[in-house]
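J.: Mind looking over this structure? Questions follow.
The values are calculated or read from the model by the stated rules, or taken from the named source; none is laboratory data. Since the structure is predicted, the reported quantities are computational estimates derived from the model, not experimental observations. Cβ placement follows ideal geometry from the backbone for every residue including glycine, while neighbour counts extend to all protein chains displayed. Ligands, DNA and RNA are excluded from the accessible area calculation, which covers all protein heavy atoms including side chains. Shrake-Rupley method; radii C 1.70, N 1.55, O 1.52, S 1.80 Å.
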Amino acid sequence: MCTSLIQTLKRFGITTGAAAAAASKASVIYLVRGEKPDRVVVPTPIGIRIEIPVEKYLEEEGKKCAEVKKFSGDNPDILDGLEIISCSEFSSSGIQILGGKGIGVVTRPGLKLEIGEKSISPIAKQMIIDAVSEVITNGIKITIIVPKGEELAKNTMNPDVGIKDGISILGTTGIEYPVSDEDYLEHIKAEMCVIKATGNNKIVLAPGNTSFEYAKKIYGDIVVKVGDRIGDSIKLAKDEGFSHVVIVSLPGKITKVSAGLLNTHSKFGDARIESIVYSALVAGVPLEKLKRIAESLTISEALEFLTLEERRRVMQIVAKRVLSRLSKFGIKLGVIILSDSGEVLAKEGEL
């Protein structure tokens, strides 16, 4: 039976992409109107508009600049309080978004950006453009600067995935969920209780924002976002009376689970590359490609070396290994692995 719902309210934060979008909108207001609002409202990719404070305004070589501090809510995050500055100037056409000092440079394939590009994700860049377009729709060039980015990046995952000399401007929703906080399990439990109250015996678990959105398209309102807590969430689902759990994930997280990591946070371990090398070997991937996979820094980079058919074979092995790892929970299980674009790469178990 479901027990009491969550009693402690958790603070949500904003992503680096949302902070950059707010700073950019503020700097453009300063440039175009000469105004210095103490806060701005920006749209997010999930349709929610959020109000974000502006710390200060600056002028630099004819550019108008605004600073926003990233707020991480109750997520333990080394980037909490990070200063993100956006400087705007008039240009000949369009809305151009550039990365300046403190924004990392992509040095490896598989990161949704070309090698040599500044690490501003496509979704974060679009969020910045959408925010600026509420002020002016043409003839603006914006440069994003993170003064302490190069120093702080050394303590992030960026060096491990092939991004050098700075942080990344990221975020698929604009909102940072407190998924790494210990109390997030209570939040997961509360969502499970609501779903169980509707009479469902099946529940779907998705580690991240992207997999969550794709899973909702497949399964509707029985999907719960669980962050890194895969094992704990399956146990919770069983304890709350569910008889069937389906996991929908992108390759990166689920490959960790196939290696036996039931909490996929980096502080508990990794073994992604070792696991995908094993799965690729079992799937019959040629030796030369195995060597390139073994030298990869991320699962996305490793998959770049495979054809679509090879990716599907490899991910099918990963899915089978996940079911084997999770069989100890004694509950009906299914696994769906999706690509970054939402294409199904593998299905296994009872779905």
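J.: Return one number: the angle in degrees, 0 to 90 and rounded to the nearest 10, between the long axis of the Cα atoms of helix 122-133 and the longest principal axis of the Cα atoms of the chain.
T.: The angle comes out near 40 degrees.
J.: Shifting gears a bit: Accessible area per residue of the chain at 1.4 Å probe, in Å²? Could the numbers behind the result be given before it?
T.: Working: 15620 Å² over 351 residues.
On a per-residue basis, 45 Å².
J.: If you don't mind, another one. In the structure shown, do any of Lys256/Lys347; Lys112/Lys189; Lys25/Lys253 have a Cα-Cα gap over 22 Å, and if so which? Each step should come with its number before you reach the end.
T.: Numbers: Lys256/Lys347 17 Å; Lys112/Lys189 34 Å; Lys25/Lys253 34 Å.
Correct reply: Lys112/Lys189; Lys25/Lys253.
J.: Of the accessible area of the range 222-327, with the probe set at 1.4 angstrom, what percent is carbon plus sulfur? Show your work: numbers first, answer last.
T.: Numbers: 2240 of 4200 Å².
For the range 222-327, the apolar C and S fraction of the accessible surface comes to 53 percent.
J.: Of the accessible area of the range 166-216, with the probe set at 1.4 angstrom, what percent is carbon plus sulfur? Numbers along the way, then the final one.
T.: Working: 920 of 1810 Å².
On the range 166-216, the fraction of accessible area on carbon and sulfur atoms equals 51 percent.
J.: Using Cα positions and a limit of under 18 Å, work out the aspartates and glutamates in reach of Lys64, with same-chain residues fewer than 8 apart set aside.
T.: Glu35, Asp38, Glu55, Glu83, Glu89, Glu134
J.: For a quick protection proxy, order the peptides 342-348, 194-200, 331-337 by their average other-Cβ count within 10 Å, most packed first.
T.: On the way: 342-348: 16.6, 194-200: 13.1, 331-337: 21.0.
By packing density, highest mean first, the sequence is 331-337, 342-348, 194-200.
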